[in-house]
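Student: My questions all concern the structure below.
The values are calculated or read from the model by the stated rules, or taken from the named source; none is laboratory data. Everything quoted here is computed from the prediction, not taken from an experiment. Don't worry about glycine lacking a Cβ; one is built from the backbone with ideal geometry, like all the others, and counts go over all protein chains shown. SASA here: full protein model, heavy atoms, side chains in, ligands and nucleic acids out. Shrake-Rupley method; radii C 1.70, N 1.55, O 1.52, S 1.80 Å.
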Amino acid sequence: MMKSQMVRKISAAVAMSLIVGILLAACGGKSAPASSGETKTGSADGFGGTVTATLTVAEDGSIESCKLEGPDETENIGGAALEELAAQVEAANGPDIDGVAGATVTSKAVRKAVAAALGVELTEEEAPASSAAPAEPAAVVPVEGGIQIGQAYAAAHGTKCFTEAVAVVKDDVILAAYLDDFQFVGSDADVTPLPNSDSDFGAGYAEGKVLISKRVNADYYSKMMAEKGGSTVSIDANFDAIQSFVVGKTISELEETAAKGAEAVDAVSGATLVDTAGYLSAIVDAAKNAQGTQAVEFNGSSEDLKLNVVYSAANGTNCFTSGAAVTSGDTIVLTYIDEFQFMDASTGVVGVPNSDSDFAAGYADGQVLVSKRVNTEIYSKMMTDYAGSTVAIDANYNAIQNHVDGMTIADAEALSQDEKAVDAVSGATLVNTAKYVGVLAEAAKQ
């Protein structure tokens with residue numbers, strides 16, 4: 001081939017390449033250039049497990065892309081926030097991001113993971129601004145007529161615990177509420193376990209486990225929250241903030257707030273719990289249950305009422321008692337009793353919430369924790385079979401409550417010291433009636 005022909009062919013090839021390039025540009029078609037950036041990876045503990053950040057970092061130090069993985073984060077909360085958090089990391093070019101409301105723990109984990117990938121330390125300003133505003137005082141609701149009290153149990157916060165909610169209502173308006181969670185921890189933990197944990201009730205625990213109230217052990221549990229999730233608000237302060245928020249709200253108003261899911265926490269001043277919506281729903285259930293209980297006449301306002309719950313051992317060593325009391329001054333206005341006991345899981349009883357999940361890891365083989373009220377038919381049959389009882393357990397509780405309602409605290413304490421208290425309480429047949437009265441008096445004094 002002659003030299004001139006070769007030159008013409010090369011020129012034609014170059015021209016063709018230029019034409020193709022022009023045509024592709026004109027049509028908008030292009031291939032993304034391969035990134036020459038360095039891949040850096042970091043990880044941190046999230047809400048449910050490890051959160052990993054994979055960054056592509058350019059030579060000038062800018063973040064070209066961010067990929068976040070957190071397979072164990074709560075799917076509709078932390079897990080759902082990862083995409084937005086990744087975009088925030090790219091926009092901020094580092095860990096200094098705003099985070100996502102309701103996904104505080106996951107947001108903090110992302111900051112730590114990105115900082116670890118870049119090899120930088122988080123400054124105080126880069127930590128999540130998750131401290132809640134001070135809790136608002138409870139509303140004041142004028143009251144004339146009948147008020148009622150009820151309880152509910154729920155899985156308000158994950159799968160490792162269950163929630164007890166108590167609510168006092170006037171029609172469909174909440175006048176007072178109370179929240180607590182029960183969770184298993186290691187038996188070597190520096191905690192105050194529930195009553196009878198060192199006796200027959202404790203035989204229902206898996207080896208190395210003990211059941212606690214988060215309120216009773218607020219310092220211990222709040223320290224865990226701070227270490228794991230960076231929480232700056234204690235668990236009891238969170239519960240108190242939610243309780244304060246619900247006063248004066250109607251049941252339907254609370255249902256609307258709870259329906260916001262992870263964003264519900266933003267409506268409750270003083271609360272930082274990602275599962276605030278779950279706790280609101282538990283109070284809604286308790287309020288609905290209250291509407292079916294015996295009403296007691298009360299004239300005054302919600303600020304005159306104080307609600308408290310205590311845990312005690314009113315009936316032997318196989319269970320523990322939850323006693324709630326609503327007071328106005330030195331008068332006991334309303335009360336509520338329930339008890340928790342381990343029973344054979346094969347008997348068809350209904351376990352407390354999360355008995356089919358992680359909470360059950362705290363159970364001894366074949367055991368399940370139950371509410372006697374929830375399982376009143378099964379438990380009352382046991383009472384009949386073993387002791388010939390003719391009055392159901394919930395009817396006994398109700399009889400004691402009805403007798404104590406309207407008493408002064410001093411009179412209730414005196415009755416609790418009377419060995420023949422059962423004879424004074426119409427409709428009650430429980431041998432330990434005096435001790436149940438004592439539990440309610442104890443709650444009233446708090």
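One line per residue, one yes/no per condition, for (1) of a type in the set (Lys, Arg); (2) part of a helix (DSSP H, G or I); (3) farther than 18 Å from Ala314 by Cβ:
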| site | (1), (2), (3) |
| --- | --- |
| Ile332 | no, no, no |
| Asp338 | no, no, no |
| Phe342 | no, no, no |
| Val349 | no, no, yes |
| Asn354 | no, no, yes |
| Ala360 | no, yes, yes |
| Asp365 | no, no, yes |
| Val368 | no, no, yes |
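Student: Which of the residues belonging to region 326-348 are open to solvent by less than 30 Å² (accessible area, probe 1.4 Å), farther than 30 Å from Lys170 by Cβ and out of contact with any Cys (no Cβ under 6 Å at 6 or more places or on another chain)?
Tutor: Answer for region 326-348, where residues must be open to solvent by less than 30 Å² (accessible area, probe 1.4 Å), farther than 30 Å from Lys170 by Cβ and out of contact with any Cys (no Cβ under 6 Å at 6 or more places or on another chain): Phe342, Met343.
Student: Still on this model: Please specify each residue of region 170-195 satisfying the condition of being open to solvent by less than 40 Å² (accessible area, probe 1.4 Å) and either assigned to a helix (DSSP H, G or I) or among the acidic types (Asp, Glu) (or both).
Tutor: Within region 170-195, Asp180, Asp181 meet the criteria.
Student: Turning to a different aspect of this structure: Whether any residue in region 236-255 is part of a helix (DSSP H, G or I) and of a type in the set (Phe, Trp, Tyr) is what I want to check. Break it down stepwise before answering.
Tutor: Initially, region 236-255 is screened for residues part of a helix (DSSP H, G or I), giving 236-246, 251-255.
Add one more test, that the residue is of a type in the set (Phe, Trp, Tyr), and what stays is 239, 245.
Within region 236-255, one or more residues are part of a helix (DSSP H, G or I) and of a type in the set (Phe, Trp, Tyr).
Student: Taking only region 370-392 into account, find how many residues are of a type outside the set (Gly, Ala, Ser), within 31 Å of the chain's Cα centre (by Cα) and not in a helix (DSSP H, G or I).
Tutor: 5
Student: Give the residues of region 407-444 that are basic (Lys, Arg) and either modelled with pLDDT of 95 or more or buried (at least 21 other Cβ atoms within 10 Å of the Cβ) (or both), sorted by residue number.
Tutor: Scanning region 407-444 gives a single hit, Lys435.
Student: Follow-up question, since we're still on this one. Mind telling me which of the residues Gly362, Gly351, Gly323 ends up being without any contact (Cβ under 8 Å) to a residue 40 or more places away in the chain, under 27 Å from Val185 (Cα atoms) and buried (at least 16 other Cβ atoms within 10 Å of the Cβ)? Write out each step before concluding.
Tutor: Values: Gly362 fails: without any contact (Cβ under 8 Å) to a residue 40 or more places away in the chain; Gly323 fails: without any contact (Cβ under 8 Å) to a residue 40 or more places away in the chain.
Going through Gly362, Gly351, Gly323 in turn, the sole match is Gly351.
Student: Report whether or not Ala395 is part of a helix (DSSP H, G or I) and over 22 Å from Gly202 (Cβ atoms).
Tutor: Yes: the conditions hold for Ala395.
Student: Right, something else. If we keep just the residues of region 134-169 that are within 25 Å of Asp266 (Cβ to Cβ) and polar (S, T, N, Q), which is least open to solvent (accessible area, probe 1.4 Å)?
Tutor: Looking at residues that are within 25 Å of Asp266 (Cβ to Cβ) and polar (S, T, N, Q), I get Thr163.
Student: Of the residues Val265, Val247, Val274, which single one is touching a residue at least 24 places away in the same chain (Cβ under 8 Å), out of contact with any Pro (no Cβ under 8 Å at 6 or more places or on another chain) and farther than 18 Å from Ala80 by Cα?
Tutor: Being touching a residue at least 24 places away in the same chain (Cβ under 8 Å), out of contact with any Pro (no Cβ under 8 Å at 6 or more places or on another chain) and farther than 18 Å from Ala80 by Cα holds for just one of Val265, Val247, Val274, which is Val247.
Student: Sticking with this structure for a sec: For the subset of region 196-221 comprising residues that are open to solvent by less than 30 Å² (accessible area, probe 1.4 Å), assigned to a loop (DSSP other than H, G, I, E, B) and of a type outside the set (Gly, Ala, Ser), which member is farthest from Cys161 (Cα to Cα)? Full working, then the answer.
Tutor: So in region 196-221, the residues open to solvent by less than 30 Å² (accessible area, probe 1.4 Å) come out as 196-197, 201-202, 204-206, 210-214, 217-218, 221.
From the residues that got through so far, the ones that are assigned to a loop (DSSP other than H, G, I, E, B) too are 196-197, 206, 214, 217.
This time we only want the ones that are of a type outside the set (Gly, Ala, Ser), so: 196, 214, 217.
Values: Asn196: 19, Lys214: 10, Asn217: 14 Å.
The extreme case among them is Asn196.
Student: Still on this model: Quick one: Thr250 ticks every box in (1) over 19 Å from the mean Cα position of the chain (by Cα); (2) among the hydroxyl-bearing types (Ser, Thr, Tyr); (3) open to solvent by less than 20 Å² (accessible area, probe 1.4 Å) except a single one, so which number is it?
Tutor: It is condition (3) that Thr250 fails.
Student: Let me ask something else. Within region 290-325, take every residue that is among the small types (Gly, Ala, Ser) and within 25 Å of Pro137 (Cα to Cα) and give me the one that is farthest from the chain's Cα centre (by Cα).
Tutor: Per the stated criteria, the residue is Gly300.
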